[in-house]
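Notes for the one structure printed next.
The values are calculated or read from the model by the stated rules, or taken from the named source; none is laboratory data. Not measured: the values here are computed from a predicted model. Using ideal geometry, Cβ is built from the backbone for each residue, glycine included, and neighbour counts are taken over all protein chains shown. Accessible surface is based on the protein model in full, side chains and every heavy atom, while ligands, DNA and RNA are left aside. Shrake-Rupley method; radii C 1.70, N 1.55, O 1.52, S 1.80 Å.
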Amino acid sequence: MTHDHDLVLRPTPAQITAALNPPPGRNGGDLVVETLAGLGATTVFGLPGQHALGMFDALRRSTLRYVGLRVENNAGFAADAYGRITGEAAPLLLSTGPGALTSLAALQEAAAASAPVLAISSQIPTAGLGGGRHGYLHELPDQSASFRGVVKSVHTVRSQSQIPSAIAAAWKSALTAPHGPVWVEIPQDVLLAETSLPVVTAMDATPDDLVPRPELTALAADLLSKAARPAIIAGGGVIRADASGKLKVLAEKLQAPVVTTFGGKGAFPWEHPLSMQSWLEDRHTTDFLEDADVLLVVGSGLGELSSNYHTFQPRGRVVQIEADLGKLESNHPAVGIHADARLALQALLETVERRTDASAPERVRDLLAKVAARIASQDLTLEQQVLASVRRALPADSPSFWDMTILAYWAWSAFDAQGPNTMHSAQGAGGLGYGFPAALGAATADPTRPVLAVSGDGGALYSIAELATAKQYDLPVTWLIIDDGGYGILREYMTDAFGRPTATELHRPDYVALAESFGVPGVRTTPETLEDDLRKALSTPGPSVVVLPALLRMFAPTHLG
């Protein structure tokens with residue numbers, strides 16, 4: 001009897017000939033780029049460094065497209081966005097020590113947002129591994145230890161024959177739900193040494209399916225079918241699993257109102273009669289969700305931002321579908337289903353009974369009216385005007401990338417993403433500098449549509465160097481910089497808490513002149529002309545900068561009282 005695991009693919013005569021006669025002039029770096037190409041990669045991001053030169057030399061002998069950014073952290077943000085937009089693992093090539101460590105904040109964001117990034121770093125020569133303190137340039141006692149608490153998996157290579165398998169294992173890890181960043185490190189001497197190994201061809205790194213347990217989905221379906229007031233919280237896991245279509249069908253079948261988390265923006269149609277939109281930082285929404293007798297949470301751990309700063313206390317039964325095992329029931333007791341959102345929603349669709357509930361759309365309308373009345377009472381016309389102008393100027397299918405800035409915090413709650421996987425922000429880890437380099441990564445993935453980046457002036461200074469990248473690769477990214485003279489949200493927080501701000505005010509450059517010095521057109525706009533200026537910039541090929549001097553305020557929080 002022949003078993004599946006006994007089957008071995010036999011090489012063709014051409015493959016045998018190629019294996020016996022590998023081309024000359026290859027090194028360990030060639031094994032890296034050949035493996036990436038064999039896995040299906042087409043584009044890599046990164047920065048060269050002394051220990052990594054073997055990889056970068058090999059790029060010129062490969063078909064891979066290289067996009068080089070000016071700071072490793074920004075290269076990580078670009079790879080993060082490329083992974084979010086394409087669903088593919090985005091290779092990120094880095095050098096040892098400082099180069100590697102500078103990517104940590106970006107990899108933390110990728111981990112928090114489940115973005116598949118395949119980081120490949122060089123290492124000190126093999127003789128220096130193990131913490132012997134030989135004094136090599138860029139030496140760390142244990143470089144991989146700096147990444148173990150951030151990435152999904154760490155893979156250290158010690159010989160050329162290990163390179164293809166290590167990279168394939170990392171690729172599989174990055175794309176197995178929950179998606180996330182992974183780390184591979186290869187010593188300098190292994191990358192530089194000439195190799196006689198055959199050219200790497202197709203690699204098998206098919207990610208594992210994370211299938212729900214049928215007894216749990218049967219229980220969840222029964223609870224939802226019999227619920228009087230079901231509701232759904234849809235998180236970023238719905239987006240990563242490409243499951244928004246199944247979510248919509250399930251919500252309609254159950255007549256269950258849906259609210260999306262900030263990471264799940266676009267997972268459910270904004271104007272749908274059952275859509276509570278994204279007003280999670282609102283006590284009216286919190287009360288509505290607490291009143292649900294069965295609450296289905298899909299692809300969210302109900303963390304700080306998704307639970308109105310942990311003030312949300314559900315009174316009914318909770319069913320939680322989550323691919324990240326560590327997030328399952330981490331904040332609330334639930335029927336915990338460890339599964340990919342798409343597969344779990346499909347199982348529920350096959351088992352739930354259709355409910356009729358004419359009151360559900362009316363209850364949603366009442367909720368949204370209460371939210372609108374609360375915002376209307378706070379004299380925030382400018383903020384709503386600016387956000388509305390951005391929405392009207394941005395084409396419906398164009399992705400947007402938002403830094404940690406006041407307009408982004410408004411957008412989390414009030415911006416209609418107009419589709420899944422179109423609005424992204426750094427709310428996973430909450431670091432500054434995400435918006436513009438991430439937008440460059442998205443434009444690299446799909447240069448046929450304009451991309452919007454939104455930053456404050458504080459966050460913009462983290463990414464200014466990437467104007468050179470935008471110009472070098474002629475990427476269609478429009479960068480909207482809201483200039484309020486400092487770290488605006490921290491200014492608000494400190495004033496509220498201490499009566500006055502400290503360390504929040506910034507001297508900043510003339511952003512329009514600075515953009516133009518890179519050869520990137522810039523314009524200074526006003527709230528009244530923002531829509532036209534943004535629309536013009538987005539419709540013009542190549543990069544552009546739009547600067548809006550404005551002091552925006554946040555709506556009042558509801559979790560403090």
Name the single residue that is surrounded by the fewest Cβ atoms within 10 Å (Cβ to Cβ) among those in the range 482-531 being acidic (Asp, Glu) and in contact (Cβ under 8 Å) with a residue 60 or more places away in the chain. Glu492
Do you know which residues across the range 493-523 are touching a Pro at 6+ places or on another chain (Cβ under 7 Å) and not hydrophobic (A, V, I, L, M, F, W, C)? Thr495
List the number of the failed condition for Ala78; all other conditions in (1) closer than 26 Å to Leu467 by Cβ; (2) at pLDDT below 95 hold. (2)
Report those helices (runs of 4 or more DSSP H) wholly inside the range 464-542 carrying at least 2 residues which are among the hydroxyl-bearing types (Ser, Thr, Tyr). 488-498, 511-517
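Rundown of residues vs (1) part of a helix (DSSP H, G or I); (2) surrounded by fewer than 21 Cβ atoms within 10 Å (Cβ to Cβ); (3) of a type outside the set (S, T, N, Q), yes/no style:
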{"position": "Gln320", "(1), (2), (3)": "no, no, no"}
{"position": "Glu329", "(1), (2), (3)": "no, yes, yes"}
{"position": "Ile337", "(1), (2), (3)": "no, no, yes"}
{"position": "Ala344", "(1), (2), (3)": "yes, no, yes"}
{"position": "Ala347", "(1), (2), (3)": "yes, no, yes"}
{"position": "Thr356", "(1), (2), (3)": "no, yes, no"}
{"position": "Glu362", "(1), (2), (3)": "yes, yes, yes"}
{"position": "Leu368", "(1), (2), (3)": "yes, yes, yes"}
{"position": "Arg374", "(1), (2), (3)": "yes, yes, yes"}
What number goes with the only condition from (1) open to solvent by 10 Å² or more (accessible area, probe 1.4 Å); (2) at pLDDT 95 or above that Gly431 does not pass? (2)
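Please go through the range 89-128 and pick out each residue that is touching a strand residue (DSSP E or B) at 6+ places or on another chain (Cβ under 7 Å), surrounded by 24 or more Cβ atoms within 10 Å (Cβ to Cβ), of a type in the set (A, V, I, L, M, F, W, C) and not in a helix (DSSP H, G or I).
Just the residues of the range 89-128 that are touching a strand residue (DSSP E or B) at 6+ places or on another chain (Cβ under 7 Å), to begin with: 89-96, 100, 103, 107, 110, 116-126.
Filter once more, so that each one left must be surrounded by 24 or more Cβ atoms within 10 Å (Cβ to Cβ): 89-96, 100, 103, 107, 110, 116-123.
With the extra rule that they be of a type in the set (A, V, I, L, M, F, W, C), the set shrinks to 89-90, 92-94, 100, 107, 110, 117-120.
If the condition is that a residue be touching a strand residue (DSSP E or B) at 6+ places or on another chain (Cβ under 7 Å), surrounded by 24 or more Cβ atoms within 10 Å (Cβ to Cβ), of a type in the set (A, V, I, L, M, F, W, C) and not in a helix (DSSP H, G or I), then Ala89, Ala90, Leu92, Leu93, Leu94, Val117, Leu118, Ala119, Ile120 are the ones that fit.
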Report the residue count in the range 21-41 for those that are over 26 Å from the mean Cα position of the chain (by Cα) and at positive phi. 1
Which pairs have Cβ atoms under 7 Å, sit 6 or more apart or on different chains, and link a residue in the range 282-298 that is of a type in the set (Phe, Trp, Tyr) to one that is surrounded by fewer than 22 Cβ atoms within 10 Å (Cβ to Cβ)? Phe288/Leu367
State all residues of the range 410-428 that are open to solvent by less than 10 Å² (accessible area, probe 1.4 Å), of a type in the set (A, V, I, L, M) and in a helix (DSSP H, G or I); if no residue qualifies, say none. Ala411
